[in-house]
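Participant: Pasting a structure here, questions to come.
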Amino acid sequence: MYDFVRFNQVYNRGQPLRWPMEQLQVSPFHRQDVGENDDQVQDNQSRQPFVPFSEACYFLPADFREQDKIHYEHPCDAFQKTLHADSLLIGFAEHFGKLERYMIKFFPNDPKAVATAKREVLLSYLLVESGEGDHAPKITMQYLDGLPYLIRRFYRGVDGRALLSETTRACLPIIDNETLVKNYALRYVLFGDLDFDNPGNILFIRSSALTQKTLLHIDGEYIFPDPQTIGHFVVNETWDPSQPVPGSLKWRQAKSAEMGVDEFFEMMIAQQNPVLGLLRMRNTLSQLKEMVLPFYVIQNCLEALPYYEQLARSFEAIPLETLVNGEADFQQILQIWEQHNIQELKPITLKHLVTGVYENK
Ligand SMILES: Nc1ncnc2c1ncn2[C@@H]1O[C@H](COP(=O)(O)OP(=O)(O)O)[C@@H](O)[C@H]1O
Ligand SMILES: [Mg+2]
């Protein structure tokens with residue numbers, strides 16, 4: 001099992017993470033428009049009606065409440081119009097006179113939803129253990145009145161939907177290619193996000209007291225996908241259970257064999273993955289193909305392998321048998337990286353990562 005005290009040491013100089021649930025005031029979260037100014041967003045948020053976090057369930061969609069047979073009434077009519085069918089809340093708290101914002105996401109209390117929520121926290125832990133804590137939001141999962149929720153700090157910036165339009169692309173920060181390649185390799189290849197074409201799950205953040213200007217991984221609900229995960233993911237409608245899980249190594253290899261390695265690479269680059277999208281915006285196709293995963297990243301990942309295994313087990317994300325047999329996707333991918341890069345001293349390129357085909361042609 002994973003040693004959570006170790007996490008605090010690696011991520012937070014030995015201190016446990018601080019969550020100001022007592023002071024927190026919450027309100028429904030309205031997703032900001034991509035081009036919206038940060039101060040404007042904060043200003044609009046602060047004008048919303050707030051309730052103490054302990055009353056947060058009042059804002060949740062009816063089906064959340066009915067499911068748990070908890071009846072929430074709020075005496076104040078002013079809140080009525082803000083009710084909406086979503087489970088995302090924004091929270092404000094003060095810490096030594098400074099305003100802090102938090103995002104809170106509630107989940108229905110059923111095992112599938114809890115498993116999904118846990119994976120979001122897991123992604124941050126995996127990144128931290130990979131030596132990439134700068135790209136991991138501060139996040140945890142807790143319960144309120146029996147309902148699971150995730151809480152993470154709110155960060156200033158835009159999500160990857162900014163890539164989708166000509167006008168909003170200008171809002172995106174310049175992030176160096178190396179950072180983009182390694183983040184693609186970790187989240188989308190090694191940890192295998194089924195939701196790889198969802199641009200809204202990467203935040204491109206501006207520098208602030210909290211972080212530097214970089215990218216952050218949010219909403220990793222679909223990392224380490226398995227056939228059960230697909231059961232509650234949209235691609236289910238078109239997915240044949242005898243086929244490899246989309247985003248997995250086998251899936252990448254099968255697609256490369258079916259379409260041709262170059263064709264598959266070009267198809268993936270052209271889709272809506274936010275990290276590949278940002279890379280594509282500023283580089284030519286041949287530059288993209290040649291980009292290399294830095295050696296230190298591979299080394300860090302290989303060193304983190306036992307922690308990945310412990311985390312996958314502690315978060316119950318991968319069956320124990322799969323892990324013991326070394327059959328998890330991340331275990332197999334790391335074996336290939338080791339063989340290819342450390343033993344045979346060959347570079348690992350973005351093309352290898354995207355296509356899953358590592359032998360050089
Ligand atoms: N910590 C955060 N800081 C700033 N914006 C956030 C944060 N978390 C989420 N958002 C915004 O909210 C959107 C939805 O959040 P997400 O966790 O992806 O929820 P969902 O499961 O509804 O997709 C994101 O695309 C982003 O625009
Ligand atoms: Mg999302």
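Participant: Hey, among the residues in segment 111-140 that are free of Cβ contacts under 8 Å to residues at least 40 places away in the same chain and more than 16 Å from ligand 2 (Cβ to nearest atom), which one's nearest to Gln310 (Cα to Cα)?
Facilitator: Looking at residues that are free of Cβ contacts under 8 Å to residues at least 40 places away in the same chain and more than 16 Å from ligand 2 (Cβ to nearest atom), I get Val114.
Participant: Next up: Condition first: in a helix (DSSP H, G or I) and surrounded by 20 or more Cβ atoms within 10 Å (Cβ to Cβ). Now tell me which residues in segment 281-297 satisfy that.
Facilitator: Those that are in a helix (DSSP H, G or I) and surrounded by 20 or more Cβ atoms within 10 Å (Cβ to Cβ): Leu288, Val297.
Participant: Let me ask you something else. Tally the residues that are in contact (Cβ under 8 Å) with a residue 24 or more places away in the chain and surrounded by 18 or more Cβ atoms within 10 Å (Cβ to Cβ), restricting the search to segment 335-351.
Facilitator: 6
Participant: Can you tell me how many residues within segment 145-170 are more than 16 Å from ligand 2 (Cβ to nearest atom), buried (at least 16 other Cβ atoms within 10 Å of the Cβ) and assigned to a loop (DSSP other than H, G, I, E, B)?
Facilitator: Looking only at that region, the number is 1.
Participant: Regarding segment 237-250, can at least one residue be identified that is aliphatic (A, V, I, L, M), modelled with pLDDT of 90 or more, within 16 Å of ligand 1 (Cβ to nearest atom) and over 22 Å from Ser87 (Cα atoms)?
Facilitator: no
Participant: Has segment 127-138 got at least one residue that is modelled with pLDDT of 95 or more, within 15 Å of the chain's Cα centre (by Cα), in a strand (DSSP E or B) and under 23 Å from Lys213 (Cα atoms)?
Facilitator: Looking through segment 127-138, none of the residues is modelled with pLDDT of 95 or more, within 15 Å of the chain's Cα centre (by Cα), in a strand (DSSP E or B) and under 23 Å from Lys213 (Cα atoms).
Participant: Take segment 302-349 and flag every residue that is among the β-branched types (Val, Ile, Thr) and under 22 Å from the mean Cα position of the chain (by Cα).
Facilitator: Ile318, Ile333
Participant: Provide a single number: the residues in segment 106-148 that are over 19 Å from Asp193 (Cα atoms) and within 12 Å of ligand 1 (Cβ to nearest atom).
Facilitator: Final tally of qualifying residues: 3.
The values are calculated or read from the model by the stated rules, or taken from the named source; none is laboratory data. The model shown is predicted, which means the values in this text are computed figures rather than measured ones. Virtual Cβ from ideal backbone geometry, glycine too; neighbours counted across all protein chains shown.
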